[in-house]
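Right, one structure below, let's go through it.
The values are calculated or read from the model by the stated rules, or taken from the named source; none is laboratory data. Since this is a predicted model, take the numbers as computed values, not measurements. Cβ coordinates were reconstructed from backbone atoms using ideal geometry, including for glycine residues, and neighbour counts include every protein chain displayed.
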Amino acid sequence: MTSSSPSAPRRRLVGIAGPPGAGKSTYAEHLVASSSVPAGLVPMDGFHLADRALTELGLLDRKGAPETFDAWGYAALLRRVREARHTVWAPAFERDLEQPLAGAVAVYPDAELVVTEGNYLLLDRAEWRAVRAELDEVWFLECPDDTRRPRLVARHVEFGKSPAEAEAWVARVDDANAALVTATRSRADRVVTA
């Protein structure tokens, strides 16, 4: 059993929530890079269910919706990150493959701040409340739709969809997820603008 020493600083976990395409990853990376203490980054996207699981569950056409993530696993990993004083390996999301990739992100023992980012950190469902319970603060990143939507379309095109397919996906899946996430804004500890 690993425990922290009494002199070890308490590790702080901060979440960045916001709708798809708001710039959460970029903002979180900036926070980590500009931190005055050793910091790490754990993206929620590493907890996407693989396409194989989504196909089995009949959810592949909704990839990115709350139920297409292993939120319980994400909460458990955040708990490990908070408590461990050894390197913790977290999954990432490989956009070229459009699949999660195990053990791709290291949180090193000296990290005093860990930033995580994802759409559903403030969602009022049991599994997402478990995620929120592991975070000291959650900030909501606002971004105008006329900035956010073109980013999403461009991202989908960059990773293999035609422009028409990308527009249709954003309209059918990403916009519905954005509405769900935006409704959680009032639960944030702080609102920041992208």
Considering residues of the range 79-105 that are over 17 Å from Ser25 (Cβ atoms), modelled with pLDDT of 95 or more and aliphatic (A, V, I, L, M) only, the residue farthest from the chain's Cα centre (by Cα): Val88
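Would a scan of the range 159-169 turn up a residue that is assigned to a helix (DSSP H, G or I) and either hydroxyl-bearing (Ser, Thr, Tyr) or within 17 Å of the chain's Cα centre (by Cα) (or both)?
no
Just for the range 37-60: of the residues that are touching a residue at least 24 places away in the same chain (Cβ under 8 Å) and acidic (Asp, Glu), which one is farthest from Arg155 (Cα to Cα)?
The residue in question is Asp51.
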Top-ranked residue in the range 128-169 [being of a type in the set (A, V, I, L, M) and at pLDDT below 95; ranked as nearest to Arg187 (Cα to Cα)]: Leu152
Which one is surrounded by the fewest Cβ atoms within 10 Å (Cβ to Cβ) among residues in the range 130-144 that are assigned to a loop (DSSP other than H, G, I, E, B), touching a residue at least 40 places away in the same chain (Cβ under 8 Å) and not hydrophobic (A, V, I, L, M, F, W, C)? Asp136
Every residue in the range 184-194 that is among the small types (Gly, Ala, Ser) and surrounded by 13 or more Cβ atoms within 10 Å (Cβ to Cβ), please. Ala188, Ala194
Within the range 145-177, the residues that are among the basic types (Lys, Arg) and surrounded by 13 or more Cβ atoms within 10 Å (Cβ to Cβ) are Arg148, Arg149, Arg151, Arg155, Lys161
So Phe69, is it modelled with pLDDT under 95 and of a type in the set (Phe, Trp, Tyr): no
Residues being free of Cβ contacts under 8 Å to residues at least 24 places away in the same chain and among the polar types (S, T, N, Q): count how many of those fall in the range 145-177. 1
Quick check on my filter: what residues within the range 66-78 are of a type outside the set (A, V, I, L, M) and either surrounded by 14 or more Cβ atoms within 10 Å (Cβ to Cβ) or under 13 Å from the mean Cα position of the chain (by Cα) (or both)? Pro66, Thr68, Phe69, Asp70, Trp72, Gly73, Tyr74
